[in-house]
Amino acid sequence: MTAAGLVIRDATVHTLDAERPRATALAVRDGLIVAVGDARDVRPHIGPRTEVIDGRGLTVTPGLVDSHQHPLMGVAGDRGVDAAGVTTLTGLRDLLREAAEKLPPDAWVVVNGVEYSALPPQATHRRLIDDAVAGRPAFLWFADAHNALMSGEGLRRAGITGPVDFGDRSEIVVDGDGVPTGALHELSAALLGYNAVPPPDTGELAAGAARLFQAQAAAGITGVHMLDLWPGTPRILDTLDDQGRLPLRVLLAPWALPAGLDDTLDTVRELSHRDPGRRWRTGAVKFFLDGTIDGGSAWLHRPDCHGESAHPVWNDPRRYDDAVRRVVELGLPCFTHAIGDRAVTHALDAYRSAGTPHRGRHRIEHAEIVADADIARFAGLDVAASMQPTHLDWTLPDHTDNWSHRLGPERCEQGWRCADIVRAGGRVALGSDWPLATYDPRTVMAGAILRRPAGRRDRAPVGADQALTPFQALAGYTAWAAYGAGEEHRAGRVRENFRADLTLFAGDPLTTSPDDLPDLPVAMTIVGGRIAHS
């Protein structure tokens with residue numbers, strides 16, 4: 001028998017394969033797993049050129065996959081100032097003033113992660129920030145990356161002088177005289193403003209993406225699902241792949257905004273026929289059916305306590321239904337951002353009507369609030385739930401946060417119903433939504449188990465009955481992530497003829513205390529049988 005390229009033996013192997021849950025050894029050849037079992041099973045695959053890894057003290061799992069990220073968006077925004085933790089207007093203005101003083105007079109001040117408590121919606125206005133930036137152009141992303149605020153000079157440079165029809169509910173907010181206030185509601189409006197900020201060049205973006213992906217590989221990540229189409233994405237991914245600087249797999253799901261739907265589907269049609277030998281592929285289309293609860297733009301069955309979150313992003317949701325059908329006709333699934341319970345209901349209805357795609361399966365992204373009647377429909381319609389447990393970190397157990405204020409106590413109890421979906425037979429693919437939250441899968445898994453930030457033992461969990469078990473949290477990054485990508489027959493488990501994407505821990509993630517899980521060392525990350533991190 002031909003010797004395998006790589007053998008791991010004397011390890012604890014969590015296969016995530018129900019037919020053989022545990023093993024102690026495995027062998028890899030030509031990027032695939034060729035043997036799983038014990039030392040006797042892998043012995044025939046060891047030859048003079050085989051790399052043999054001593055697995056004593058190590059735990060092997062299927063490679064971890066982050067099912068929801070925005071890598072290039074995060075890299076492009078890395079030049080900005082982080083406002084996380086700044087919860088008052090005074091603090092925000094001080095942050096802006098300090099940032100502006102370090103920049104040339106005509107340079108943009110870019111701020112990321114502005115918390116809603118620092119600028120309540122009724123007070124969001126350019127005049128609150130103009131003097132702090134001393135007349136400079138400024139762009140402020142709110143923490144949900146759906147809404148933004150620009151200074152007066154920023155609006156001028158963006159050419160924003162009044163209302164704009166985006167074909168959806170995105171809005172350039174204006175005052176009684178029709179003059180823009182600087183508030184940009186929802187993604188189409190926010191991106192119009194952000195397009196005026198000078199972007200980094202392609203080489204700078206590629207270098208930043210390479211550093212990011214290598215850092216993610218060091219955290220045990222073997223694949224990410226990129227749910228957007230940031231400018232230059234295909235070219236940057238091709239460049240990194242050609243240069244051997246793409247250490248993990250990328251599934252691209254370009255976002256389709258209502259006004260640019262036809263162009264996006266043309267792009268998806270072209271990209272979905274690219275070279276299958278690359279480490280990245282286009283595997284779905286991303287839709288936004290609603291916005292965010294924090295921003296008052298989710299789509300709920302009942303309006304929030306401010307009378308908002310009562311409408312979808314699409315002016316006519318039937319156009320969304322038609323778009324879903326068009327994607328299915330391309331043979332691809334839809335990944336729909338649906339945060340409010342009515343958005344989840346509508347997306348599931350649209351999936352049922354459009355039918356099953358030829359490749360992959362439909363997903364609901366976020367699903368922060370789900371009605372009782374829809375819990376079992378995830379399994380019944382074979383729709384995966386793609387959820388981000390660390391978004392719970394902004395939700396406080398005493399309900400004093402903005403998200404809880406808007407929903408009210410009764411609906412707060414329906415938040416992030418991960419366990420309910422699993423108990424009903426569904427699968428929950430886990431992810432980070434980076435750059436909105438840390439990409440480290442150990443931290444995200446800990447959050448799914450604890451329902452609070454790891455290490456904060458003094459803080460009560462939010463919805464403790466919705467906690468996942470350690471095994472389920474690991475499945476969310478492995479077997480269920482593969483299922484959510486339609487790859488369950490070739491990835492997500494340690495099994496013969498499956499891809500040799502593996503994460504090796506210096507300890508066992510299933511027995512490590514969840515509060516200590518973020519510090520569990522990643523000993524090695526293997527992608528396609530090649531060591532991406534050691």
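FYI, it's all coordinate maths here, none of it is from the lab. What you see is a predicted model; the values in this text were computed from it and never measured. A quick note on method: Cβ atoms are made from the backbone with ideal geometry, for glycine too, and the neighbour counts reach across all protein chains shown.
Mind sorting TYR483, TYR477 by how few other Cβ atoms lie within 10 Å of their own Cβ, fewest first?
With the fewest neighbours first, TYR483, TYR477 line up as TYR483, TYR477.
Close amide H pairs (under 5 Å, H built 1.01 Å from N) link ALA183 with ARG126, MET150, VAL173, residues at least 5 positions away or on another chain.
Given N residues in segment 74-194, what is Rg(Cα) / (2.2 N^0.38 Å)?
Working: Rg = 13.1 Å, N = 121, 2.2 N^0.38 = 13.6 Å.
The reported ratio for this selection is 0.97.
Counting every alpha-carbon pair across segment 356-431, the share separated by more than 21 Å comes to 31%. Each label point was placed 7 Å from the Cα along the Cα-to-Cβ direction; for ASP228 and ALA84 their separation is 1.6 nm. Using the Cβ-Cβ distance between ARG40 and HIS399 with R0 = 56 Å, the FRET efficiency computed as 1/(1 + (r/R0)^6) comes to roughly 0.45. Per-residue Karplus couplings for segment 214-231, computed as 6.51 cos²θ - 1.76 cosθ + 1.60 with θ equal to phi - 60°, are listed in order as 5, 5, 5, 4, 5, 8, x, 7, 10, x, 9, 9, 9, 9, 5, 9, 4, x Hz, Gly and Pro entered as x.
Antiparallel as a % of all DSSP beta bridges within segment 1-157, to the nearest 5? Mind dumping the intermediate values first?
Values: 13 of 25 bridges.
Bridges in segment 1-157 are about 50 percent antiparallel.
What net charge is computed for the residues neighbouring TYR116, neighbours being all others with C-beta under 12 Å from the C-beta of TYR116, Lys and Arg scored +1, Asp and Glu -1? Net charge around TYR116: -3.
Note on ALA215/ARG319: beta-carbon distance plugged into 1/(1 + (r/R0)^6) with R0 of 51 Å gives a FRET efficiency of 0.80. Among HIS125, HIS185, the order by Cβ neighbours within 10 angstrom, fewest to most, reads HIS125, HIS185.
Taking amide hydrogens as placed 1.01 Å from N in the peptide plane, the amide H of ALA310 sits under 5 Å from those of LEU300, each at least 5 positions away in sequence or on another chain. Rounded to whole numbers, the Karplus 3J(HN,Hα) couplings from phi for segment 48-65 are x, 9, 6, 7, 9, 9, 6, x, 4, x, 9, 10, 9, 10, x, x, 6, 10 Hz, using 6.51 cos²θ - 1.76 cosθ + 1.60 with θ = phi - 60°, and x at Gly and Pro.
Give me the mean projected area, in nm² to one decimal, of the convex hull enclosing the Cα positions of segment 193-239. Before the final figure, lay out the partial values.
Details: hull surface 15.7 nm².
Seen from a random direction, the Cα hull of segment 193-239 projects 3.9 nm² on average.
Once C-alpha pairs closer than 8 Å and six or more residues apart are averaged by separation and normalised to the residue number of segment 74-194, the relative contact order reads 21 percent.
Can you give the net charge of the other residues whose Cβ lies under 13 Å from the Cβ of LEU381, counting K and R as +1 and D and E as -1? Provide the component values of the computation, followed by the final result.
Working: positive: ARG352, ARG361, ARG363, ARG377, ARG427; negative: ASP349, ASP374, ASP382.
In short, +2.
With all projection directions averaged, the alpha carbon convex hull of segment 229-354 covers 8.7 nm². Neighbours of VAL34, meaning other residues whose beta-carbon lies under 11 angstrom from its beta-carbon, give a summed charge of -1 when Lys and Arg score +1 and Asp and Glu score -1.
The simple Förster model, with R0 at 30 Å and r as the Cβ-Cβ distance, assigns ARG459 and ASP508 a FRET efficiency of 0.75.
In this label model, ASN195 and GLU19 are separated by 5.2 nm, measuring between points 7 Å along each Cα→Cβ vector.
Roughly speaking, what % of Cα-Cα pairs in segment 6-57 are separated by over 13 Å, rounded to a whole number? Please report the intermediate quantities before stating the final value.
On the way: 714 of 1326 pairs.
Taking all Cα-Cα pairs of segment 6-57, the fraction more than 13 Å apart is 54 percent.
Diagonalising the gyration tensor over the Cα atoms of segment 432-502 and scaling each eigenvalue by 5 before taking the square root yields semi-axes of 27, 13, 10 Å, largest first. Helix content alone sets the calculated 222 nm mean residue ellipticity of the chain: runs of n ≥ 4 DSSP H residues at -39500 (n - 2.57) each, divided across all residues, give -8000 deg cm²/dmol.
Just for the chain, what percent of DSSP beta bridges are antiparallel, to the closest 5? Present the calculation step by step, with values, prior to reporting the outcome.
Working: 33 of 72 bridges.
The answer is about 45 percent antiparallel.
A simple spin-label model places the labels of ASP10 and ASP238 4.8 nm from each other, with each point 7 Å out along Cα-to-Cβ. Taken one residue at a time, the phi angles of segment 180-185 give Karplus couplings (6.51, -1.76, 1.60, θ = phi - 60°) of x, 7, x, 7, 10, 9 Hz. Gly and Pro are set to x.
For ILE46, the residues whose amide H sits under 5 Å from its own are ALA4, ignoring neighbours fewer than 5 places away on the same chain, with H placed 1.01 Å from N.
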